[in-house]
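The values are calculated or read from the model by the stated rules, or taken from the named source; none is laboratory data. Remember, it's a predicted structure, so these values are computed and weren't measured experimentally. Cβ placement follows ideal geometry from the backbone for every residue including glycine, while neighbour counts extend to all protein chains displayed.
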Amino acid sequence: GNSVLSSYGTTIFEVMSRLAETHKAVNLGQGFPDGNGPADLVAEATRYLDTGWNQYPSMMGLPTLRQAVAEHARRFYGLDVDWASEVMVTSGATEALAACLFGLLEPGDEVVLFQPLYDSYVPIIRRAGAVPRFVSLRAPDWSFDPDELRAAFGPRTKLVLINNPLNPAAKVWGWEELSTLAELVQEHDCLAVCDEVYEHLVFDGRPHIPLMALPGMRDRTLRIGSAGKTFSLTGWKVGYVTGAPRLLQPVAKAHQFLTFTTPPNLQHAVAFGLRKDDAYFHGLAADMQAKRDRLTAGLRAAGLTVLPAQGTYFVTADIGHTGLGEGDTEFCKRLTAEAGVTAIPVSAFFDQDPPGNLIRFCFCKKDETLDEACRRLEGWF
Ligand code: PMP
Ligand code: GLN
C-alpha cells in the first residue's frame, strides 16, 4: 500500500548523533572533527562569499578547482589527468557516489562490493535496479579470499566499488590486493569506482595507492575524493570525481539531475586547499596518527580490545569479551545512555552476516575530547 512511502531506514550516523545529543554523550560516533578546519580555507570561503560568488557555477565545477584536482593527482600519485575532460566537482563524495552509480548502472547489472561497506552504497545500487554481489573482508586484518572474489564476478558484472582507505575497518589496500582486483576487472571487461575520501589519512608511512594507478586501470576507474576529510571540513560537502571522458560523461549526466552544481565560494576555497604545500598533507596524517594512538591507548586502558588501524578517522574495538551479549547496536545505545560515550555499531556496515562484536570509535577530535571519552569509559567494561 502507500502507507509506507520509503523502504529506506534512517542512517546510523544520524541516529547515533541525535542520541548522543539527547544524552549529552561524548560523540565518537559519526566521523567529523570537533574543530573548525584550517582558518585560511575558511577565510578564502568567506572572501569569495563577500565578493559576489553566489550564483550557479558551471555544471562540471569551477575550472580553478578542476585544475587543482588534476594538479593534486599528479603531485601525489603521478597521474596524468586532463582537468577539462576528466574532472567533475560534486556536492560531497556522497553525491559523487550516487552520480557514478546512477550514471553507469542499468537494471540487472551486477556490482561487486566488499563488506564492511559504507552505508550509502547498497541503497543507491538497489534503487538503480542493479544487484550487489558481496565479498567478505575478515577481521582482524580484513583480508579477502581471492577465490571468493573471483566467484563474485560474472557475465553481468558492470563494476566493482571499493573504499580505500576503508571505513570502518581502517584498512589501507596494498598493491597485491589491488592487483588481484585490477586483473579481475580487466578479465571481465568491467569498471571500478574507488571511494578514496580518506586518501590523506594513512598512517605509519604506508602509501595510499589509487586503484587508477594500477596497470590497465587508468581508463577503467573513477576515483572519488572529498574536501570534507582532506581539510577537516565535513559540512562543506565538496567532492570530486576523476576519470576517463568515456566514464565521466555518463556520470555528469546523472550529476545534472542530482545537484547540478556546488557552492562556488566553497569550490574556490577547496582549490586553494588542494594547492597547499606537502607539509599540510603530511601534518594532517601525523596529527591523526597521534590521535589514533591516543584513543587506542585510552580504550585499551579502559579494558577494550582494539584492532589495528592503518588509516581513516576510525578504530574498531571488539566487545565480544565484555559478556554484554545484546549485539553491537544495543550495546552502542547503552554505552551512549549509561557511559556517556557514543560509538557506531560495525553491523551497520554489513548487508549480510553482520559480525555483532565490533564497534567503531572516531578519533578526529580534540585531545581533550578523546581523553574525556576514555575517562568516562574507565571501569565501565
Ligand atoms: N565515503 C566514505 C567511505 C565515507 O566515510 C564518507 C563519509 N564521510 C563519505 C563517502 C561521504 O563523504 P562526503 O561527506 O564528502 O559526502
Ligand atoms: N562518513 C561519516 C562516518 O562514517 C558519516 C557521514 C554521514 O553521516 N553520512 O561516520
- Task: Give me a count of the residues in segment 25-49 that are over 23 Å from the mean Cα position of the chain (by Cα) and not in a loop (DSSP other than H, G, I, E, B).
- Result: 9
- Does Asp204 fit the bill of being touching a residue at least 24 places away in the same chain (Cβ under 8 Å), surrounded by fewer than 20 Cβ atoms within 10 Å (Cβ to Cβ), more than 14 Å from ligand 1 (Cβ to nearest atom) and assigned by TED's automatic domain parsing to the domain that holds Glu110? yes
- Query: Which of the residues belonging to segment 81-94 are more than 16 Å from ligand 2 (Cβ to nearest atom), surrounded by 14 or more Cβ atoms within 10 Å (Cβ to Cβ) and of a type in the set (A, V, I, L, M)?
  - Reply: Val81, Val87, Met88, Val89
- Note on the structure: Within segment 36-80, residues surrounded by 15 or more Cβ atoms within 10 Å (Cβ to Cβ) and among the small types (Gly, Ala, Ser) come out as Gly37, Ala45, Gly61, Ala68, Ala70, Ala73
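Considering each of Asp141, Asp119 in turn, give the residue that is within 16 Å of ligand 2 (Cβ to nearest atom) and modelled with pLDDT under 95.
Details: Asp141 fails: within 16 Å of ligand 2 (Cβ to nearest atom).
Exactly one residue qualifies, and that residue is Asp119.
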- Counted residues in segment 134-169 being more than 16 Å from ligand 1 (Cβ to nearest atom) and within 28 Å of Phe361 (Cα to Cα) come to 10
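Select, from Ala139, Ala128, Ala152, the only residue that is touching a Lys or Arg at 6+ places or on another chain (Cβ under 9 Å), of a type in the set (Gly, Ala, Ser) and on the phi < 0 side of the Ramachandran plot. Steps first, please.
Values: Ala139 fails: touching a Lys or Arg at 6+ places or on another chain (Cβ under 9 Å); Ala128 fails: touching a Lys or Arg at 6+ places or on another chain (Cβ under 9 Å).
After ruling out the rest, the residue left standing is Ala152.
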- Note on the structure: Residue set Thr234, Thr230, Thr261, Thr180; condition within 16 Å of ligand 2 (Cβ to nearest atom) and surrounded by fewer than 21 Cβ atoms within 10 Å (Cβ to Cβ); output residue Thr234
- Query: Just one of the numbered conditions (1) surrounded by fewer than 18 Cβ atoms within 10 Å (Cβ to Cβ); (2) under 28 Å from Gly283 (Cβ atoms); (3) aliphatic (A, V, I, L, M) is not true of Leu5; which one?
  - Reply: (2)
- Is it true that some residue in segment 158-173 is over 19 Å from the mean Cα position of the chain (by Cα), under 19 Å from Val241 (Cβ atoms) and of a type outside the set (Gly, Ala, Ser)? yes
- Task: Run Glu14 past the list (1) surrounded by 13 or more Cβ atoms within 10 Å (Cβ to Cβ); (2) within 16 Å of ligand 1 (Cβ to nearest atom) and report the number of the one that doesn't hold.
- Result: (1)
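Can you go through Gly52, Gly61, Gly92 and tell me which one is over 22 Å from the mean Cα position of the chain (by Cα) and of a type outside the set (Ser, Thr, Tyr)? Outline the logic, then answer.
Numbers: Gly61 fails: over 22 Å from the mean Cα position of the chain (by Cα); Gly92 fails: over 22 Å from the mean Cα position of the chain (by Cα).
So the residue among Gly52, Gly61, Gly92 that is over 22 Å from the mean Cα position of the chain (by Cα) and of a type outside the set (Ser, Thr, Tyr) is Gly52.
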- Item | Top-ranked residue in segment 332-381 [being of a type in the set (Asp, Glu) and assigned to a loop (DSSP other than H, G, I, E, B); ranked as surrounded by the most Cβ atoms within 10 Å (Cβ to Cβ)] | Asp351
